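Worksheet: one structure, shown below.
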Amino acid sequence: MYVRKLRLLTPGPTPLLPAAVRAMSAPDMHHRTKDFVDVYVNVIKDLKYLYGSDNQVALFASSGSGAMEASVSNLFSPGEKVIVCQAGKFGERWTKLAKAFGLEAIVIEEPYGSVVEPEQVEKALKENPDVKGVFVQASETSTGVAHDIEAMGKIVAKTDALFIIDAITGLGTMPLDIEGWGLDVVIGGSQKAVMIPPGLAFASVSAKAWEKEKTAKNRYFYFSLKAHAEGGLDGNSPFTPATSLMLGLGAALEFIREVGRENLIENAQLLAKASRAAAGALGLELFAKKNPASSVTAIRSPEGIDSGKIVKGFRDDFGAIIANGQGTMKGQIFRIAHLGYFDFPDLFGTFAELELILAGLGHDVTFGTGVAAVQKVYAEAAKK
Ligand SMILES: *Cc1c(COP(=O)(O)O)cnc(C)c1O
């Protein structure tokens, strides 16, 4: 076709909120002026609303991994034992970070598409009473699987260990009761459900974690949780903040307040439910063996079709960017995102496109089957 609209449909970066784009194009703003200090203070206040907790928040000018690194380097000492729940590419990142900072990592590894069960964490904690921290992904974006954060949190809370959650695609897509479940560090990133470009990372840090921070001995300079959390208290960052991104974040968080934190989560959950229904209706298999995530739905490519061809079809035929599998999952799966600024019309389009692409690749498809499944979920939800 002659006109193709570029659509970014990946689980990070995600589609940008127009109000955030407008806010980011504001004229020059110096970070030590009152105007910007107000922006900073409001962003932290609204991040606490998004987190649903009054715990202090540290905001970094970095991608999400910067806050992951800070939680390792600031809270643990070399030689300390930690448990890493590893069931995907991002779980592997925790293992690499733990090793990079000299921690002794006990890795509970599950194959891609599976979850680490809370009972496995409980057992590892019993066998290793000297463990100082447990690391996990709330939503493992590489496989489209969610972990049972509530059950794990309640287990870890009974011990001295800190519970550190990479919630970069969990925040805004699944409930995370920071205080009720004992979540010590909860990490988010700007290019996921908060609908702005990459470049900001944030972490909510509990009193238990700050206590441990006082005695932790590792090396870091820029990535100080304490310096960045303190900067947020009075709106004076320790280093030059990413001013334009923070203007965008302010606008996006205002939008999230209007929509409501719970409704933003329900939006993702409904789109996830519809994606699973559509995949099923098209005879496609989900990659998640259990606990499919609300952030992204990972679908196995039909037998004999490299998922790269589906990704290419989206791009070439419709100007849409969807995600392939990462690492060894490349070619095997493709991923439909629905976190942040996604709505049902996005999914109607995505599945209509997928049907056309699959038919073009020789797969047996009755047009409208997947779309109808999405419509059905919409119709049921709209009745409420
Ligand atoms: C996107 C993502 C990250 C962070 O990656 P960056 O490239 O550093 O922003 C980490 N964990 C998960 C689960 C993610 O989805």
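The values are calculated or read from the model by the stated rules, or taken from the named source; none is laboratory data. Everything numeric here is computed off the predicted structure, so don't read it as measured data. Ideal geometry is used to build each Cβ from the backbone, glycine not excepted, and the neighbour counts take in all protein chains shown. Just the protein is used for accessible areas: all its heavy atoms, side chains included, with ligands, DNA and RNA removed. Shrake-Rupley method; radii C 1.70, N 1.55, O 1.52, S 1.80 Å.
A compact table of results
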{"item": "Of all residues making up the stretch 233-277, the number that are open to solvent by 30 Å² or more (accessible area, probe 1.4 Å), over 22 Å from Leu176 (Cα atoms) and not assigned by TED's automatic domain parsing to the domain that holds Gly52", "result": "2"}
{"item": "Failed item, numbered, when Leu97 is tested on (1) without any contact (Cβ under 8 Å) to a residue 40 or more places away in the chain; (2) hydrophobic (A, V, I, L, M, F, W, C); (3) within 13 Å of the ligand (Cβ to nearest atom); (4) under 21 Å from Ala293 (Cβ atoms)", "result": "(4)"}
{"item": "From the options Ala146, Ala161, Ala207, residue that is assigned by TED's automatic domain parsing to the domain that holds Ile83, away from the ligand (no atom under 12 Å from the Cβ) and either at pLDDT below 95 or open to solvent by 10 Å² or more (accessible area, probe 1.4 Å) (or both)", "result": "Ala207"}
{"item": "Members of the stretch 1-57 that are under 26 Å from the mean Cα position of the chain (by Cα), within 18 Å of Gly319 (Cβ to Cβ) and of a type outside the set (D, E, K, R)", "result": "Leu6, Leu8, Leu9, Thr10, Pro13, Thr14, Pro15, Leu16"}
{"item": "Evaluation of Asp35 against (1) closer than 19 Å to Gly199 by Cβ; (2) more than 16 Å from the ligand (Cβ to nearest atom) (one fails), failing number", "result": "(1)"}
{"item": "Tabulated pairs, the stretch 63-91, first in the same structural domain as Ala227 (by TED's automatic domain parsing) and open to solvent by 30 Å² or more (accessible area, probe 1.4 Å), second in a helix (DSSP H, G or I) and modelled with pLDDT of 95 or more, C-beta under 7 angstrom, 6+ apart or interchain", "result": "Ser65/Arg93; Glu69/Leu97; Lys89/Gly327"}
{"item": "Residues being within 15 Å of the ligand (Cβ to nearest atom) and in contact with an Asp or Glu (Cβ under 7 Å, 6 or more places away or on another chain) - total across the stretch 61-81", "result": "1"}
{"item": "Test: residue in the stretch 46-53 that is farther than 27 Å from Arg335 by Cβ, within 16 Å of the ligand (Cβ to nearest atom) and open to solvent by 20 Å² or more (accessible area, probe 1.4 Å)", "result": "no"}
{"item": "For Ala58: the one exception among (1) within 15 Å of the ligand (Cβ to nearest atom); (2) crowded, with 19+ Cβ neighbours inside 10 Å", "result": "(1)"}
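Each row is one residue, and each column tells you yes or no for (1) outside any loop (DSSP other than H, G, I, E, B); (2) over 20 Å from the mean Cα position of the chain (by Cα); (3) at negative phi.
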residue: Lys192; (1), (2), (3): no, no, yes
residue: Ala209; (1), (2), (3): yes, yes, yes
residue: Tyr222; (1), (2), (3): no, yes, yes
residue: Ala227; (1), (2), (3): yes, yes, yes
residue: Glu230; (1), (2), (3): yes, yes, yes
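Listed here are the residues, each with its yes/no results for (1) within 16 Å of the ligand (Cβ to nearest atom); (2) within 15 Å of Ala67 (Cα to Cα).
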{"site": "Ile155", "(1), (2)": "no, no"}
{"site": "Gly182", "(1), (2)": "no, no"}
{"site": "Ala203", "(1), (2)": "yes, yes"}
{"site": "Glu213", "(1), (2)": "no, yes"}
{"site": "Ala216", "(1), (2)": "no, no"}
{"site": "Tyr222", "(1), (2)": "yes, yes"}
